[in-house]
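Notes follow once the structure below has been shown.
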């Protein structure tokens with residue numbers, strides 16, 4: 001689990017969701033920037049933890065909006 005997730009307050013929604021989303025072997029984020037002839041090429045690779053985090057945050061937001 002990444003340091004920022006470990007330091008997040010588990011009583012707050014983002015800290016709780018972050019702990020749920022990230023696992024020790026699935027939380028890498030890789031960013032690669034390469035120059036090209038007319039600019040640059042950016043490659044971003046998200047492992048499972050980041051995708052799960054995005055899905056959990058979207059789900060939480062939708063559930064909040066659907067409650068009256």
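Rule-based calculations on the coordinates, nothing more; no lab input. What you see is a predicted model, and the numbers here were worked out from it, not measured in a lab. As a convention, Cβ positions derive from the backbone with ideal geometry for all residues, glycine included, and neighbour counts pool all protein chains shown.
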In nanometres, the difference between 0.36 nm per residue of separation and the alpha-carbon distance of residue 48 and residue 6 is 13.4 nm
What 222 nm value per residue comes from the helices of the chain, counting each DSSP H run with n ≥ 4 as -39,500 (n - 2.57) and dividing by all residues, nearest 500 deg cm²/dmol? -14500 deg cm²/dmol
Among (i) 0.99; (ii) 1.44; (iii) 1.08, the value of Cα Rg over 2.2 N^0.38 Å computed for this structure carries the label (ii)
Between residue 67 and residue 37, with labels modelled 7 Å along Cα→Cβ, what's the label distance in nm to one decimal, could you check? 5.6 nm
Kindly express, to the nearest 10 degrees and within the range 0 to 90, the angle between helix 48-66's C-alpha long axis and the longest C-alpha principal axis of the chain. 50 degrees
Subtracting the Cα-Cα distance of residue 30 and residue 14 from 0.36 nm times their residue separation yields 3.6 nm
